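Asker: First the structure, which I've put down as C-alpha cells, then a few questions once you've had a look.
The values are calculated or read from the model by the stated rules, or taken from the named source; none is laboratory data. Worth saying up front: this structure is predicted, and the values here are computed from it rather than measured. Here Cβ is always computed from backbone atoms with ideal geometry, including for glycine, and neighbour counts include all displayed protein chains.
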Amino acid sequence: MTAAPALRSADTWHPAEGVVVRGTVLLLPGRGEHPGVYGRFGRRLAYDGYRVQAFADVGALADATRLAEQVDTAREAGAPVVLAGSDTGALLALAASAGAARPDGVLLVGAPATLPAGGAAEERPVWHDELTARTACPVHRGLLAADPDFRPGRLGVPVPAELAAAAEAATPDLPVLVLHGLADPVAPPAAARRLAARLKRAELVLVTDGLHDVLNDAAHRSVAAQIVQWLERLRADRTTLPHLLTASSSWEGTTS
C-alpha cells in the first residue's frame, strides 16, 4: 500500500534568528482560505517566539490521519505543539486531536455548527455579503478583495457531513481555547458556547463585535494577545494551565 503524501505546508513564520522557539502552532485554514491569508497572524506570534506553520489544501476528514506526523515533526524539547484551525479547519483540528494526532493543545476559531439547524439550505452569499461576514478590518478586506488565490463564495458550501460528525463526536482530553466572534453571522455564538461546554478542558473567549474571521478582524491584535497568553500558560504547565497574571481595577465596585 502506498503511503499517503504528507500535508503541504505552504507558509511558515519563524521567530527571529537566535530566539528560542517557545512552541509551534499548526494552522488549518477554513473555507475559501489559503495559508497566506494568515501572514499578519503568523508574524505576530513569531514576534513572541512561536513558530506558525499553515497548511494548504486541507479540510477533509481524510487529512486528519496525516496530521499526527506533522505534530510529531514539530516537537522540540519543552515546546508545546498546538493544532489550530479556523472555520472548517477548526473542525478538522478538533477531529484530528481526538484521533492519532496528540498535540499539547487545540485552538478552535470560528468553528461552524456541526448539527443541522433544519429548514432549507441557505444560498451562497454574494461577495460583498461574504466580505462583510468575514471581517470589519479595512486592511484585511482590501487584501482579500485583491487576493487572486482567495476563493470567494466558499462560506456558502455546506460543512462535509463526515467532518461534522467526527468533530461532534470528538472530546479530546486536552486544553482547548475556543475563540468566536459575538457578531459572527456564519457560525452563531451559541454553537461556540455549546462546543466549549461539551469539551473537558475548554476555555471560551468571545470577541465583542467580532465577525467570522476573528484572527483577521478589527480586534486582531487583542485576539493574538489572548492567544499568546494562553500559549504561555500552556507552556508553563500543560496540566493546570495556571493563570500568570492577576488583573484588578481601582474603579471596581465604585458607583457614579
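Asker: Restricting the search to region 16-50, which residues are among the β-branched types (Val, Ile, Thr), in contact (Cβ under 8 Å) with a residue 60 or more places away in the chain and not in a strand (DSSP E or B)?
Answerer: Of all residues in region 16-50, those among the β-branched types (Val, Ile, Thr) come to 19-21, 24-25, 37.
Filter once more, so that each one left must be in contact (Cβ under 8 Å) with a residue 60 or more places away in the chain: 25, 37.
Answer for region 16-50, where residues must be among the β-branched types (Val, Ile, Thr), in contact (Cβ under 8 Å) with a residue 60 or more places away in the chain and not in a strand (DSSP E or B): just Val37.
Asker: Could I ask something else about it? Taking Ala46 as the residue in question, decide whether it is crowded, with 22+ Cβ neighbours inside 10 Å, at negative phi and at pLDDT 90 or above. Outline the logic, then answer.
Answerer: Values: crowded, with 22+ Cβ neighbours inside 10 Å: no; at negative phi: yes; at pLDDT 90 or above: yes.
Against the criterion (crowded, with 22+ Cβ neighbours inside 10 Å, at negative phi and at pLDDT 90 or above), Ala46 does not qualify.
Asker: Please count how many residues of region 202-256 are out of contact with any Asp or Glu (no Cβ under 6 Å at 6 or more places or on another chain) and within 22 Å of Cys137 (Cβ to Cβ).
Answerer: Residues flagged as out of contact with any Asp or Glu (no Cβ under 6 Å at 6 or more places or on another chain) and within 22 Å of Cys137 (Cβ to Cβ) within region 202-256 amount to 22.
Asker: Hey, another quick one. In the list Pro172, Pro138, Pro185, Pro125, which residue meets the criterion of being within 30 Å of Ala100 (Cα to Cα) and either modelled with pLDDT of 95 or more or out of contact with any Cys (no Cβ under 6 Å at 6 or more places or on another chain) (or both)? First the steps, then the outcome.
Answerer: Details: Pro138 fails: within 30 Å of Ala100 (Cα to Cα); Pro185 fails: within 30 Å of Ala100 (Cα to Cα); Pro125 fails: within 30 Å of Ala100 (Cα to Cα).
The unique qualifying residue is Pro172.
Asker: Also, I was wondering about something else. If I ask for residues that are part of a helix (DSSP H, G or I) and either in contact with a Pro (Cβ under 9 Å, 6 or more places away or on another chain) or at pLDDT 95 or above (or both), which ones from region 51-91 would you list? Give the derivation first.
Answerer: To start, the set of residues in region 51-91 that are part of a helix (DSSP H, G or I) comprises 61-74, 88-91.
Listed by number, the residues that qualify are Leu61, Arg66, Leu67, Val71, Ala74, Thr88, Gly89, Ala90, Leu91.
Asker: Given Arg193, Arg235, which one is within 29 Å of Ala101 (Cα to Cα), in contact (Cβ under 8 Å) with a residue 60 or more places away in the chain and in a helix (DSSP H, G or I)? Reasoning before the result, please.
Answerer: Numbers: Arg193 fails: in contact (Cβ under 8 Å) with a residue 60 or more places away in the chain.
Testing whether each residue is within 29 Å of Ala101 (Cα to Cα), in contact (Cβ under 8 Å) with a residue 60 or more places away in the chain and in a helix (DSSP H, G or I) leaves just Arg235.
Asker: When you scan region 212-226, how many residues do you find that are under 16 Å from Gly85 (Cα atoms) and assigned to a loop (DSSP other than H, G, I, E, B)?
Answerer: Number of matching residues: 3.
Asker: Related question: Let me confirm something: among Ala90, Ala56, Ala64, which residue is under 17 Å from the mean Cα position of the chain (by Cα), closer than 23 Å to Arg151 by Cα and either surrounded by fewer than 22 Cβ atoms within 10 Å (Cβ to Cβ) or among the basic types (Lys, Arg) (or both)?
Answerer: Only one candidate qualifies: Ala56.
Asker: Right, another one. Among the candidates Asp209, Asp149, which residue alone is of a type in the set (D, E, K, R), touching a His at 6+ places or on another chain (Cβ under 7 Å) and in a loop (DSSP other than H, G, I, E, B)?
Answerer: Details: Asp209 fails: touching a His at 6+ places or on another chain (Cβ under 7 Å).
That would be Asp149, the only listed residue that is of a type in the set (D, E, K, R), touching a His at 6+ places or on another chain (Cβ under 7 Å) and in a loop (DSSP other than H, G, I, E, B).
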